[in-house]
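Undergrad: Take this structure first; my questions come after.
A short reminder: the numbers here are calculations on the coordinates, not readings from a lab. On a predicted model such as this, the values are computed, not experimentally measured, just so you know. A quick note on method: Cβ atoms are made from the backbone with ideal geometry, for glycine too, and the neighbour counts reach across all protein chains shown.
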Amino acid sequence: MHVPDGFLDAPTSIATAAVAVGGVALALRGARRELDDRTAPMAGLVATFVFAGQMMNFPVAAGTSGHLLGGALAAVLAGPWTAVLCVTTVLMVQALFMADGGITALGTNIDLMAIVGVGVGWLVFVAVRRVLPNRLGSIAPAAAVGALVSVPVAALVFTGLFAVGGTAPVSPDRVLVAMLSWHAVIGLGEAAITALVVGSVVAVRPDLVHGARRAVRARTLEVRPPVVTGTGSPA
């Protein structure tokens, strides 16, 4: 979903850049509440995994590409605010050093993948998690649904931006069909990968998974040993 330079007109690119700056500024403040010395390494691992996943690109239409976003995965593992920063960092490295996504379109790409992708993935995850039982086994399925929904929603937002300020000689209807059809398939792959990765981490170190904290607390209360009173019998 990397948008190249010149694909959107100047006013649209400037507007998306302003939104990106505001979103990243909020994420910098929010990440302070999510990260500590124990969980900070997870953010680095998440950024590395997202970087590797986004390097697999599939051509879509008129110079755009489709690939795994990693927003829901990053949000569940590291927290939504931290995930915005992780994906933003990946996009900046790709644009500045690998020519993957345009420099003038960096704000647009941050909006689509770091803000919309992470935000939608996290909100859907939270909604599904509330419906499912509050246990560790529910984390991976909820993350998968979040990933599945986040990808086509980001594609839909891109189509809206193109309809407003697109410069390529392609009709918005054609872009809509191409983007949604491709990213619906990509969403299925992203859901499977997200479920696999999140499920694996939850099975080994659930205490490091941001989205599993509520389930970890519930499990801790369930297995809490009885308190022994002064008479030697459990309270």
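Undergrad: Order these peptides, 200-209, 45-54, by their mean beta-carbon neighbour count within 10 angstrom, highest first.
TA: Numbers: 200-209: 15.7, 45-54: 19.0.
By packing density, highest mean first, the sequence is 45-54, 200-209.
Undergrad: Separate question: Taking springs between alpha-carbon atoms closer than 10 angstrom, which of GLY30, GLY187, GLY121 fluctuates most in the Gaussian network model of the chain?
TA: Among GLY30, GLY187, GLY121, the largest mean-square fluctuation in the Gaussian network model of the chain belongs to GLY30.
Undergrad: With percent of Cα pairs over 27 Å apart defined as stated, name the option among (1) 30; (2) 45; (3) 35 computed from the structure displayed.
TA: Recomputing percent of Cα pairs over 27 Å apart here picks out (3).
Undergrad: What is the distance in Å between the Cα centroid of the range 126-170 and that of the range 13-29?
TA: 20 Å
Undergrad: Quick one: longest stretch of the chain between exposed loop trypsin sites (Lys or Arg not before Pro), exposed meaning at most 14 other C-beta atoms within 10 Å and loop per DSSP? The partial results should precede the final answer.
TA: Details: sites that count: ARG38, ARG135.
Result for the longest clean stretch: 136-235.
Undergrad: Compute the relative contact order of the chain as a whole-number percentage, counting only Cα pairs closer than 8 Å that sit 6 or more residues apart in sequence. Write out the running numbers ahead of the final one.
TA: Details: 384 pairs, mean separation 59.7, N = 235.
Normalised by residue count, the contact order of the chain is 25 percent.
Undergrad: Could you work out which residue, out of VAL185, VAL118, VAL76, moves most in a Gaussian network model of the chain, that is, has the largest mean-square fluctuation with Cα springs under 10 Å?
TA: For the chain, modelled as a Gaussian network with Cα springs under 10 Å, the answer is VAL185.
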